[in-house]
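**Q** I am attaching a structure below and will ask some questions about it afterwards.
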Amino acid sequence: MAGNPVPPLVPCHCVVVRNDGKIGSCAFGAGQKAKLLKEEGVSPRELAGAPHAATPTTGIVCHATCRNARRIRPENSRPFPGVGAAISAGYRPCKVCRPVAA
């Protein structure tokens, strides 16, 4: 990410949302990162409460910022505070974002 010369044009900031749902730091500051996430349709407030989303249609759990999680229809989305809880409920980790149980 440090080598990305144009992060607003080539987003890489979504990848670094922490597992605990906190935004984390960014070269341009946490406020700018939150703004960029909001512009992409990701709510930092929602991430704080449930940083992982699962769907029974595929049986997969993702980071809420994963491209696969963002395609889940609202009626099929199951929020989870952690990957461990989702795995216990029978979901398997996404092969794209690779969420890890803490």
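Laboratory data are not the source of any read-out in this text; all were calculated from the coordinates shown. These figures come from a predicted structure and were not determined experimentally. Every residue, glycine among them, receives a Cβ derived from its backbone with ideal geometry; neighbour counts consider all protein chains shown.
**Q** Relative to 2.2 N^0.38 Å, what does the C-alpha radius of gyration of the stretch 49-93 come to as a ratio? Two decimals please.
**A** 0.95
**Q** Tally Lys and Arg at +1 and Asp and Glu at -1 over the other residues with C-beta under 14 Å from the C-beta of ARG67: what net charge comes out?
**A** Taking every Cβ under 14 Å from that of ARG67, the sum is +3.
**Q** Apply the Karplus parameterisation 6.51 cos²θ - 1.76 cosθ + 1.60, with θ equal to phi minus 60°, to every residue of the stretch 50-60 and state each ³J(HN,Hα) to the nearest whole Hz, in sequence, with x for glycine and proline.
**A** Values per residue, Gly and Pro as x: 8, x, 10, 10, 10, 9, x, 5, 10, x, 10 Hz.
**Q** Something else now. Under 5 Å between amide H atoms, partner at least 5 residues away or on a different chain: which partners does HIS52 have, H built in plane at 1.01 Å?
**A** Hits under the 5 Å cutoff: ALA64, PHE80.
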